[in-house]
Each structure stands twice: as structure tokens, then as C-alpha cells.
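First the structure, in the form of C-alpha cells, and then the observations on it.
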Amino acid sequence: AKANGKDGFEHYSDNVGHMLRRRLQMTSDLSKALKGKELFLDVQPKLNLRDSRAFSVEALARWRHSKLGLIPPDEFIALAEETGQILDLGRQVLTKAMEFIVDWRAAHTSSLSVAVNLSAKQLHDKNLLSDIALIVSHYEVDPSWIEFEITESVVMDNVESSLRLFNALKKMGFRIAIDDFGTGYSSLSYLNKLPIDILKIDRSFIAQLPDNQDDLAIVSAIISMAKSLNIEVVAEGVETEGQYQLLGELGCEQLQGYYFAKPGSLQDYIQKPWSFWQD
Ligand code: C2E
Ligand code: CA
Ligand code: CA
Ligand code: CA
């Protein structure tokens, strides 16, 4: 026995008990958040080098817990995936994204593009398409203003169902982006088979540019592959002037990252959409 009188198992079971309690608490708190006002969106702009007046943003879910403060999306999205709450959360995210577009239209004449993330569980939800159609038509939003982002690994784990879903979404007029590209080892033949509009290069390949020669080779290969397939390409996680310069030289026309703009409130970006680019 150890000096504190507890053996390894008791420590272990204490920890498990603690984790289970926290998880149960978080699940029930998330249910309350889904009914109340703790969930909201931030948006992060993407810069388009070819057309710097074209405004496009990614919608990012936020949860401000009444006692714990801001909870990182990686944490509550994963929990919501496991519990199935992601379906409700996903509908709320899309609804809030539509409200953002309505507010944008009231303030601007130019168009807007809003990217909304979809998770694996949503992809398998048989009501996904009808829910999307209902929400988008309720706000009379042009589907071409909306992009759905799905990570490469989710697509690769579900090639057939992704193909069906993407075809249906395309038919409805939405655009499709593959998120976190480069981490999921997809083959060229799959890419070509899927009706994809946009590839988002995962930020792990951007982080060590311009110095890392392997990452440089990968990123430039992705950019030229995307171009030859007529797919738009976005670099994620651009944080430095050097990355910005290099990506521009490589012909990557869309850039997202803290170097230009951090995720911020809907109202701020409606009031001053281009300020991040001008200062
Ligand atoms: P993601 O879809 O890859 O979103 C990009 C993440 O990178 C965001 O983190 C964003 O704040 C962060 N980011 C942007 N620029 C930079 C940069 O220059 N440097 C660094 N280090 N990070 C940058 P966030 O908001 O914490 O979201 C994390 C993940 O949570 C998202 O990754 C996405 O997978 C998930 N997520 C967020 N909102 C939703 C949602 O509404 N639905 C679903 N299914 N997932 C969501
Ligand atoms: Ca994303
Ligand atoms: Ca991403
Ligand atoms: Ca990610």
C-alpha cells in the first residue's frame, strides 16, 4: 500500500467517477444550453486575394457556460457527437447562420458566403436534408451563399454516403468544402468523384511554413492538384507575414487565420466587415 493508504485502483476509480460525473453534468448543462441562450456563433473571415471585396466567413459555435465560462468547441462538439445532441446543436448553428445572413442583407448590398461545419453524426442523420431545406427556405436565403464544411477523414470513412449527400446538397444549390484537408490520406480518384467546390488545407501543414520543406512540398502539391481539378483552395491557420507571402506566391487565393482576423462577433463583422483587412 502507498503512504496515502490508497492503491492504484482506488485512484483510478476516483478518477473515473470524477470524469463520469463531470460528463453527466456537462451533458445536462448542454441540454439546458440548447434550450437557452448560452450557445452562440462567432465568425472568422476568409480573405480572398483575387477579390478582396468578396466577404466570406466560417461560422464557429461557442458555448458560454454560466459557471465554467467559455468551453472550447473541440470539447463540447465531441461530447455532443457522442450523446447525439449534435443534431439539435447543428440545427441551431444553421439557424443562427441564417439570422446572420438576414442581418447582413439588411446592412449590405454585396453578397456574403457563410461556411457551416457538419459533423459525422449529422451526415448520417436521415432528416439532415429536409432540416436544412426547411431552415434555409424559412429565411429565404440563397443556397449559393452557404458552404458546408466536412472534414476529409469523415468523408473518407463514408465515401458512398458522402457522395450521395454531396450530390443532393449540390442539387439544392449549396457549396461543399472539404475541411482539414491533408490529414485524411484521400486519393485523387476519390476527390475527382466527389462534387467538391473547396479544399481547406489543414493548418498543421501551414504552421511550419515557410521553413519546413516537406510541408512546402505538400502544400504546393495540394494547390496545384486543386487547380487542375478546378477546386478552390483555402489555407487555414495563416498566422505570419511569411506564410501569407509564400501562399500568395504558390497561388493559394483564399486565406484564413489569426494573421488577418480572429473569430469575432456577428455584429462586429456586420458593422465593419473589411476592417480586418484594411488595418
Ligand atoms: P475547424 O472547423 O477546423 O475550425 C477552425 C479552427 O481553427 C477554429 O477553432 C478557429 O478559431 C481556429 N483558427 C483559425 N485561425 C487560426 C490560426 O491562425 N491559428 C490557430 N492556431 N487557430 C486558428 P475553434 O473555433 O476552436 O473550433 C475548433 C473546431 O470545433 C473546429 O475546427 C470544428 O471542427 C469544431 N466546430 C466549431 N464549430 C462547430 C460547429 O458549429 N459544428 C461542428 N460540427 N463543429 C464545429
Ligand atoms: Ca471548419
Ligand atoms: Ca479546419
Ligand atoms: Ca479541425
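For the structure I just gave you, tell me whether S204 is surrounded by fewer than 15 Cβ atoms within 10 Å (Cβ to Cβ) and within 16 Å of ligand 4 (Cβ to nearest atom). So that I can check it myself, show each step before the final result.
Working: surrounded by fewer than 15 Cβ atoms within 10 Å (Cβ to Cβ): yes; within 16 Å of ligand 4 (Cβ to nearest atom): yes.
Against the criterion (surrounded by fewer than 15 Cβ atoms within 10 Å (Cβ to Cβ) and within 16 Å of ligand 4 (Cβ to nearest atom)), S204 qualifies.
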Could you please let me know if V219 is outside any helix (DSSP H, G or I) and of a type in the set (V, I, T)? no
Failed condition for G184, given (1) more than 30 Å from P143 (Cβ to Cβ); (2) within 15 Å of ligand 3 (Cβ to nearest atom); (3) surrounded by 16 or more Cβ atoms within 10 Å (Cβ to Cβ): (1)
Restricting attention to the range 75-115, and to residues there that are surrounded by 20 or more Cβ atoms within 10 Å (Cβ to Cβ), outside any helix (DSSP H, G or I) and touching a helix residue (DSSP H, G or I) at 6+ places or on another chain (Cβ under 6 Å), which single residue is modelled with the highest pLDDT? V114
Looking at I231, I198, which one is within 15 Å of ligand 3 (Cβ to nearest atom) and among the β-branched types (V, I, T)? I198
Whichever residue in the range 62-78 is charged (D, E, K, R) and more than 16 Å from L34 (Cβ to Cβ) and, among such residues, is nearest to ligand 2 (Cβ to nearest atom): D74
Having 1 or more residues that are within 16 Å of ligand 1 (Cβ to nearest atom) and among the charged types (D, E, K, R) is the bar; report the helices (runs of 4 or more DSSP H) wholly within the range 136-211 that clear it. 152-157, 203-206
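Would you pick out the residues in the range 145-179 that are within 16 Å of ligand 4 (Cβ to nearest atom) and either touching a residue at least 60 places away in the same chain (Cβ under 8 Å) or buried (at least 19 other Cβ atoms within 10 Å of the Cβ) (or both)?
At the first step, the residues of the range 145-179 found to be within 16 Å of ligand 4 (Cβ to nearest atom) are 147-157, 177-179.
E147, F148, E149, I150, T151, E152, V154, V155, A177, I178, D179, listed by residue number.
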Suppose the filter is in contact with a Pro (Cβ under 6 Å, 6 or more places away or on another chain), closer than 16 Å to L49 by Cα and at pLDDT 95 or above; does G242 pass it? yes
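The values are calculated or read from the model by the stated rules, or taken from the named source; none is laboratory data. These numbers come from a predicted model, not from an experiment. No Cβ is skipped: glycine too gets one built from the backbone with ideal geometry, and neighbour counts run over all protein chains shown.
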